[in-house]
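Report on one structure; see the data block that follows.
The values are calculated or read from the model by the stated rules, or taken from the named source; none is laboratory data. Model, not experiment: these values are computed from the prediction. Reconstructed Cβ throughout: ideal geometry from the backbone, glycine too, with neighbour counts over all protein chains shown.
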Amino acid sequence: MGVSEIIETTQYLTFKLEKEVCALDISKVREVLDSAPITKLPRTPEFVRGVINLRGNVVPVVDMRLKFGMTKTENTVNTCIIIVEINLDGETTVLGALADAVQEVIELGSGQIEPAPKIGTRLRTEFIQGMGKRDEGFIIILDIDRVFSADELALVQEGGERQ
């Protein structure tokens with residue numbers, strides 16, 4: 001195989017939000033937990049479900065479906081919390097992302113990823129890193145560092161520190 005034939009691939013963790021398949025760069029994922037008891041925090045945005053105790057550390061949990069304007073995630077046997085590291089202004093924040101189900105780790109090459117769709121100015125797509133092509137469907141590749149604004153993360157962190 002020649003140097004020109006080497007295709008750079010990235011591994012992604014795929015998960016379900018309602019009927020959509022989304023993915024996160026595996027380097028941002030610390031671990032995946034079964035659903036755990038979540039302690040509700042007062043005066044936080046609706047998408048912040050609360051905090052969990054992760055080996056003695058307080059970790060905020062956000063409902064990804066609510067964050068994206070979907071219905072609230074209902075607990076099922078497949079519901080899980082994806083523990084991710086978010087980088088914001090050079091600071092790392094650990095966060096739990098509530099998802100309907102984790103599917104698998106996949107590899108996608110750059111040729112399998114289309115840029116995020118441009119759908120006018122009213123629909124925010126800056127948190128979509130790209131659209132992965134797989135079989136006959138698409139996988140929404142999220143840029144987890146851009147899903148939450150600095151203000152939203154400050155609210156989440158403040159809530160976690162109050163606990």
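Descriptive notes on the structure:
- Out of Ala150, Ala101, one residue alone is at pLDDT 95 or above and surrounded by fewer than 17 Cβ atoms within 10 Å (Cβ to Cβ). It is Ala101.
- Residue list for the range 76-135, restricted to those being without any contact (Cβ under 8 Å) to a residue 12 or more places away in the chain and on the phi > 0 side of the Ramachandran plot: Gly90, Gly120, Asp135
- The range 59-74 residues that are more than 16 Å from Leu95 (Cα to Cα), paired with ones that are assigned to a strand (DSSP E or B) (beta carbon under 7 Å, 6 or more apart): Phe68/Leu17; Met70/Leu17; Lys72/Asp63; Thr73/Asp63; Thr73/Leu98
- Residue tally, condition outside any loop (DSSP other than H, G, I, E, B) and under 25 Å from Gln103 (Cβ atoms), over the range 27-47: 8
- Looking at Asn57, Asn87, Asn75, Asn53, just one residue is closer than 17 Å to Phe148 by Cα, surrounded by fewer than 16 Cβ atoms within 10 Å (Cβ to Cβ) and either out of contact with any Phe, Trp or Tyr (no Cβ under 8 Å at 6 or more places or on another chain) or polar (S, T, N, Q) (or both), and that residue is Asn87.
- Checking Gly69 against (1) modelled with pLDDT under 95; (2) crowded, with 16+ Cβ neighbours inside 10 Å; (3) within 18 Å of Phe15 (Cα to Cα), the condition it does not meet: (2)
- The range 48-67, residues that are closer than 15 Å to Ala101 by Cα and among the basic types (Lys, Arg): Arg65
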